[in-house]
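So the structure is just underneath, and the comments pick up after that.
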Ligand code: PMV
């Protein structure tokens, strides 16, 4: 039985940065993201008694046992969960349409596409809530990639109650995100480790206490299509995440010199009346929120500052889709 699914990646505007339960990937906070059209993963899942061994191909290249471990562990966990035949073998073929140089993590789209193709190939008949919970077991941010547009992951308190839902899957809104490549190398500190270390910051609990009011404020801004509010809340959430990293013990940061150059550029552009806001994840790359109208000018300002860096202009993407 074979099934193929496509999922787009997402970028959090109110960040998830800490686990309440490591195995179930239950978060300590709720988060809100924007699913992006420009980046996605297609995954075909096949299981059969005729296959001789489990295999995982990424962009047509067979991955080593070590490279496949996270994916294999995930599938084995799901097979146990649904009491499926453990003797059958499976073959996974994933194609990442996340430009390798865009500096965006692909685990959100990858695990969402994997969860959906797995469930379809076994005819599990799961709705999107159930799929979101399954995707969460692969990667926290994948929980949100089941839906398009603006998505909220409600933290919940257990496996049943921690899932994402759509806030607005098709926003009629001129909102763009420029993904600026600063450095595409492997990140120095994985998000799992970073999240653990961040909790050593004396400000971590204070940040958590603000989570629900930030979620409410961002949902209000989304409902009103209020770009200024949306941008300010998103930038603040990113700053808070990176501030708890810097103030952890020992402190650490994902920023590189060009990350700070871009932060300064966003401030300067705003002073000049070109409204834009930044958000930054577990790496040095910067994503800039803006309108399409302003994007040309912002892109040329970035090139003036940093030379020929790669910039991808993205907007809203859809939720998970099945392909034949
Ligand atoms: O679930 P992970 O390992 O992809 O971690 C995601 C962490 C951030 O991207 C920094 C924030 C987020 O909410 O996506």
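The values are calculated or read from the model by the stated rules, or taken from the named source; none is laboratory data. Everything quoted here is computed from the prediction, not taken from an experiment. As a convention, Cβ positions derive from the backbone with ideal geometry for all residues, glycine included, and neighbour counts pool all protein chains shown.
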Residues of the stretch 111-143 being buried (at least 24 other Cβ atoms within 10 Å of the Cβ) and out of contact with any helix residue (DSSP H, G or I) (no Cβ under 7 Å at 6 or more places or on another chain), which ones? 113, 117, 140
Which one of the conditions (1) within 13 Å of the ligand (Cβ to nearest atom); (2) more than 15 Å from the chain's Cα centre (by Cα); (3) touching a residue at least 60 places away in the same chain (Cβ under 8 Å) does residue 181 fail to meet, given that it meets all the rest? (1)
I'd like the full set of residues that are in contact (Cβ under 8 Å) with a residue 60 or more places away in the chain, more than 18 Å from residue 318 (Cβ to Cβ) and away from the ligand (no atom under 13 Å from the Cβ), limited to the stretch 22-44. 44
Considering residues that are closer than 16 Å to residue 20 by Cβ and part of a helix (DSSP H, G or I), the number found within the stretch 198-214 is 8
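This table checks each residue for (1) closer than 30 Å to residue 260 by Cβ; (2) within 16 Å of the ligand (Cβ to nearest atom).
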position: 92; (1), (2): no, no
position: 114; (1), (2): no, yes
position: 121; (1), (2): no, no
position: 130; (1), (2): no, no
position: 133; (1), (2): no, yes
position: 152; (1), (2): no, yes
position: 177; (1), (2): yes, yes
position: 186; (1), (2): yes, yes
Which numbered condition residue 282 fails, given (1) in contact (Cβ under 8 Å) with a residue 60 or more places away in the chain; (2) over 26 Å from residue 186 (Cβ atoms): (2)
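In this structure, is residue 148 within 13 Å of the chain's Cα centre (by Cα), modelled with pLDDT of 95 or more and away from the ligand (no atom under 15 Å from the Cβ)?
Values: within 13 Å of the chain's Cα centre (by Cα): yes; modelled with pLDDT of 95 or more: yes; away from the ligand (no atom under 15 Å from the Cβ): yes.
Answer is yes for this residue.
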Condition broken by residue 158, with the remaining ones in (1) surrounded by fewer than 18 Cβ atoms within 10 Å (Cβ to Cβ); (2) more than 22 Å from the chain's Cα centre (by Cα); (3) part of a loop (DSSP other than H, G, I, E, B) satisfied: (2)
Residue check: is residue 165 surrounded by fewer than 17 Cβ atoms within 10 Å (Cβ to Cβ), part of a strand (DSSP E or B) and either touching a residue at least 24 places away in the same chain (Cβ under 8 Å) or within 16 Å of the ligand (Cβ to nearest atom) (or both)? yes
Restricting attention to the stretch 193-239, which residues are surrounded by 15 or more Cβ atoms within 10 Å (Cβ to Cβ), in contact with a helix residue (DSSP H, G or I) (Cβ under 6 Å, 6 or more places away or on another chain) and more than 25 Å from residue 168 (Cα to Cα)? 198, 201, 204, 207
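Keeping to the stretch 236-256, report how many residues are under 20 Å from residue 11 (Cα atoms), assigned to a helix (DSSP H, G or I) and more than 14 Å from the ligand (Cβ to nearest atom). Talk me through it step by step, then tell me what you get.
Taking the stretch 236-256 as the starting set, the residues that turn out to be under 20 Å from residue 11 (Cα atoms) are 236-245, 253-256.
Among the residues that remain, those that are also assigned to a helix (DSSP H, G or I) are: 236-245.
Now narrow it down to the ones that are more than 14 Å from the ligand (Cβ to nearest atom): 236.
Of the residues in that region, 1 qualify.
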